[in-house]
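The structure under discussion appears below in the form of structure tokens.
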Amino acid sequence: MFVYVGTYTQPPMGDAEGILVASFDDASGALTPVQTVREVANASFLAVGPGGRFVCAVRETDEGEVGAFARDDGTGELNALNRQSSHGSGPCYVSFDPSGRFVLVANYGSGTLAVLPIAADGHLEPATSVVQHDGSTGQNTERQDGPHAHMIAPSPDGSFVLATDLGLDQIIVYRFDTNTGKLTRNDAEGGVALARPGAGPRHFAFAPDGRTVYVINELDSTLTTYAWDAQRGTLTERQSVAALPDDFHGENTCAQVVVAPDGRFVYGSNRGHDSIAIWSVDEQSGALTPVGHVPTGGQTPRNFALDPTGTWLLAANQASGTVVTFRRDAASGSLSPTGAVLDIPSPVCIVFSARGGSGLRAAR
């Protein structure tokens, strides 16, 4: 099994050399570096395409780009193919549609979304759709001064695309034409979910059954649960819970949310408290109950990921420059540090990919 680690390469965000490719020992949880893909500026988010043949990475710069790479199935190594404009500044998220024919990009700085076709040989083609978000909430004057698209990813069946916008406090649903690669805003009631003012929705994850969406809110450190109507492409809010313990009063922002493969537990990262929050999911009602918090063994856990089996969790501590391995107990949802720590400057994204392209799980 291989792990791909995206990093910041430009100060003040970081000083890494590029994308790290590492082999993962599924007996001990240890990571061993295999390759460093240099000359990839600020590869802050990565995605592995269906089948595992290709990898895409954003270049989070003022003139944003997306890069495509061919992946060697045997060694895990990446070979650069080409780059295309992300049609915005500060691209921070990239994902594939289920068919593997399109790449979806969210540009934080400009508040734009883009869809880029991917050719049979993995090369990226010019965008087929570009969407500009407009407005702001103004609730948080520093962070919500305008639109800031933070994540874009398809629904499980690929008929819709969801995008969170931190600046607008919205989760916006688009209809996706899989023939033309066009995004069209879903005007049905519930096609836009309004977060609490100042919440700052950042990342989301679907439950394995595809009927629930979990959205982690960066600015007010909460997690919100939505019911997903796959036919209409709509969201209905169910519950919102705190990501922090009651006795914590320092500064904190949330970053990542991940659902266990069996759907019984949800995990979210806290930057400031520097922990992974754990919630259990009631099998009947779907209600979340706090389980506890586990320190990530470093500072500023911007991203983390579960391996395809749900046995291992890797936490990327951006500020302290470490990737820390935890073993997960499937019955209790608890996390235990293994002692395996990889030193790497400014790690901010982790993606697992198994040999043979099976069991792919991108960190969303």
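Every read-out reported here was derived from the displayed coordinates using simple, explicitly stated rules and does not represent laboratory data. Remember, it's a predicted structure, so these values are computed and weren't measured experimentally. Virtual Cβ from ideal backbone geometry, glycine too; neighbours counted across all protein chains shown.
So here's what we get for this one:
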| read-out | value |
| --- | --- |
| Identity of the residue in segment 37-53, part of a loop (DSSP other than H, G, I, E, B) and either touching a Lys or Arg at 6+ places or on another chain (Cβ under 9 Å) or among the basic types (Lys, Arg) (or both), that ends up farthest from residue 348 (Cα to Cα) | 53 |
| Options 199, 193, 114; residue that is of a type in the set (A, V, I, L, M, F, W, C) and part of a loop (DSSP other than H, G, I, E, B) | 199 |
| Complete set of residues in segment 47-96 that are among the acidic types (Asp, Glu) and either within 27 Å of residue 24 (Cα to Cα) or surrounded by 24 or more Cβ atoms within 10 Å (Cβ to Cβ) (or both) | 60, 72, 73, 77 |
| Residue in segment 80-87 that is touching a residue at least 40 places away in the same chain (Cβ under 8 Å), in contact with an Asp or Glu (Cβ under 8 Å, 6 or more places away or on another chain), part of a loop (DSSP other than H, G, I, E, B) and closer than 24 Å to residue 203 by Cα present | no |
| Exclusive hit being under 20 Å from the mean Cα position of the chain (by Cα), surrounded by fewer than 17 Cβ atoms within 10 Å (Cβ to Cβ), of a type in the set (Gly, Ala, Ser) and under 19 Å from residue 152 (Cα atoms), set 44, 99 | 99 |
| Pick from segment 117-142, criterion of a type in the set (Val, Ile, Thr) and in a loop (DSSP other than H, G, I, E, B), ranking: surrounded by the most Cβ atoms within 10 Å (Cβ to Cβ) | 137 |
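Residues are listed down the side, and each one gets a yes or a no for (1) among the β-branched types (Val, Ile, Thr); (2) surrounded by 24 or more Cβ atoms within 10 Å (Cβ to Cβ); (3) more than 16 Å from the chain's Cα centre (by Cα):
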| position | (1), (2), (3) |
| --- | --- |
| 253 | yes, no, no |
| 260 | no, no, no |
| 264 | no, no, yes |
| 271 | no, no, no |
| 274 | no, no, yes |
| 280 | no, no, yes |
| 283 | no, no, yes |
| 287 | no, no, yes |
| 290 | no, no, yes |
